[in-house]
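Report on the following structure.
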Amino acid sequence: MNPSTPVLARAAVDDAVAAERRHIADHVADLSDEQWSTPSLCAAWTVRDVLAHLTTTTRLSVPLLLRAAVRARGSFDRMEIDLAAARAAAFTSTELVAQLRESAGSTRRFPGSTPMDPLMDLVIHGQDIARPLGLAYASPPAVVSACLAYVATTTFMGGRRRLAGVRLVSADTGWTLGEGPELRGPDVDLLLVASGRRAGLTALDGPGVAVVVGRPG
């Protein structure tokens, strides 16, 4: 029997968001200038850019968002890049770390987003930062599992498209999703692949790997 879809109660989501913000802030607080400038797993962003992005979530207003959307000509990806670049230019690395830590308990989020959106963003970006630096970063297993189920089944993040035609199998919980060639591995690596990070593929097994590799990210 396929285990039920991993989910977190709303209070647990909010607690996890706060914990991930503090965890990432602690994780990057002592990075060198060279490490801050390292390209992350997230295309177009350095490690410092990723941190700057993570400080925008609790500081956006609808007017600011609308202005940014106009400047980006309606491109959500370009808007996020521009917003992160603006904060990266306006604040030092130390200030950005402090801002992330200060906002840890805030439940304010991107207009129109769900409570899971900031959580999955933090979990994924924690890996975006840590892996290129060769550092270990681990989020709680239940949090990672819930983020995987969320990203794999939502259209906005592109997870459904990236995993279409394969049978995702969690090596951590036994949870499965979809039909087709099997794509098996740890939840954190499945999450990276579902969110477009090919770095997760090295830890996955099964004939579904070839299917995913053959697709654009």
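The values are calculated or read from the model by the stated rules, or taken from the named source; none is laboratory data. This structure is a prediction, so every number in the text was calculated from the model and none was measured. So basically every Cβ, Gly included, is an ideal-geometry build from the backbone, and we count neighbours across all protein chains shown.
In region 162-204, how many residues are closer than 25 Å to A12 by Cα, assigned to a loop (DSSP other than H, G, I, E, B) and touching a helix residue (DSSP H, G or I) at 6+ places or on another chain (Cβ under 9 Å)? Residues meeting the conditions: 6. So A18 fits all but one of (1) touching a helix residue (DSSP H, G or I) at 6+ places or on another chain (Cβ under 8 Å); (2) assigned to a helix (DSSP H, G or I); (3) among the hydrophobic types (A, V, I, L, M, F, W, C); what number is the exception? Unmet for A18, out of (1) touching a helix residue (DSSP H, G or I) at 6+ places or on another chain (Cβ under 8 Å); (2) assigned to a helix (DSSP H, G or I); (3) among the hydrophobic types (A, V, I, L, M, F, W, C): (1).
Name the residues in region 21-42 that are part of a loop (DSSP other than H, G, I, E, B) and in contact with a helix residue (DSSP H, G or I) (Cβ under 9 Å, 6 or more places away or on another chain), would you? Break it down stepwise before answering.
The initial filter retains those residues of region 21-42 that are part of a loop (DSSP other than H, G, I, E, B), namely 29-32, 37-38, 40-42.
Passing the criteria: A29, L31, S37, T38, S40, L41, C42.
Scan region 118-140 and tell me whether some residue there is among the charged types (D, E, K, R) and more than 14 Å from the chain's Cα centre (by Cα).
Going through region 118-140, the residues among the charged types (D, E, K, R) turn out to be 121, 128, 131.
In the following step, the residues that additionally are more than 14 Å from the chain's Cα centre (by Cα) were identified as none.
Taking every residue of region 118-140 in turn, none turns out to be among the charged types (D, E, K, R) and more than 14 Å from the chain's Cα centre (by Cα).
The combined condition, being modelled with pLDDT of 95 or more, surrounded by fewer than 15 Cβ atoms within 10 Å (Cβ to Cβ), more than 12 Å from the chain's Cα centre (by Cα) and within 21 Å of S40 (Cα to Cα), is not fulfilled by G180. Pairs linking a residue in region 74-103 that is touching a residue at least 60 places away in the same chain (Cβ under 8 Å) and not assigned by TED's automatic domain parsing to the domain that holds T55 to a residue that is polar (S, T, N, Q) and surrounded by fewer than 18 Cβ atoms within 10 Å (Cβ to Cβ), with Cβ atoms under 9 Å and 6 or more positions apart or on different chains, do not occur. Only one of the numbered conditions (1) touching a residue at least 60 places away in the same chain (Cβ under 8 Å); (2) part of a loop (DSSP other than H, G, I, E, B) is not met by R215, and that is (1). Going through region 44-59 one residue at a time, which ones are among the hydrophobic types (A, V, I, L, M, F, W, C), assigned to a loop (DSSP other than H, G, I, E, B) and in contact (Cβ under 8 Å) with a residue 40 or more places away in the chain? Residue satisfying the conditions is W45 alone.
Per-residue answers, yes or no, for (1) in the same structural domain as D117 (by TED's automatic domain parsing); (2) closer than 21 Å to S4 by Cβ; (3) touching a strand residue (DSSP E or B) at 6+ places or on another chain (Cβ under 6 Å):
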| site | (1), (2), (3) |
| --- | --- |
| T155 | no, no, no |
| G159 | no, yes, no |
| R162 | no, no, no |
| D172 | no, yes, no |
| L177 | no, yes, yes |
| D187 | no, yes, yes |
| L192 | no, no, no |
| G196 | no, no, no |
| G208 | no, no, yes |
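If you check A164, A199, which single one turns out to be without any contact (Cβ under 8 Å) to a residue 40 or more places away in the chain and not charged (D, E, K, R)?
Numbers: A199 fails: without any contact (Cβ under 8 Å) to a residue 40 or more places away in the chain.
Answer to the check: A164.
Taking the conditions exactly as written (closer than 16 Å to A19 by Cβ, charged (D, E, K, R), in contact with a helix residue (DSSP H, G or I) (Cβ under 9 Å, 6 or more places away or on another chain) and surrounded by 16 or more Cβ atoms within 10 Å (Cβ to Cβ)), does D117 satisfy them or not? Judged against the criteria, D117 is not a match.
With the requirement that a residue be part of a helix (DSSP H, G or I), more than 14 Å from D121 (Cβ to Cβ) and modelled with pLDDT of 95 or more, what does region 134-161 give you? Steps first, answer last, please.
Let us first name the residues in region 134-161 that are part of a helix (DSSP H, G or I), namely 141-152, 159-161.
Next, only the ones that are more than 14 Å from D121 (Cβ to Cβ) stay: 141-142, 145, 149, 152, 160-161.
Selection gives P141, A142, S145, A149, A152.
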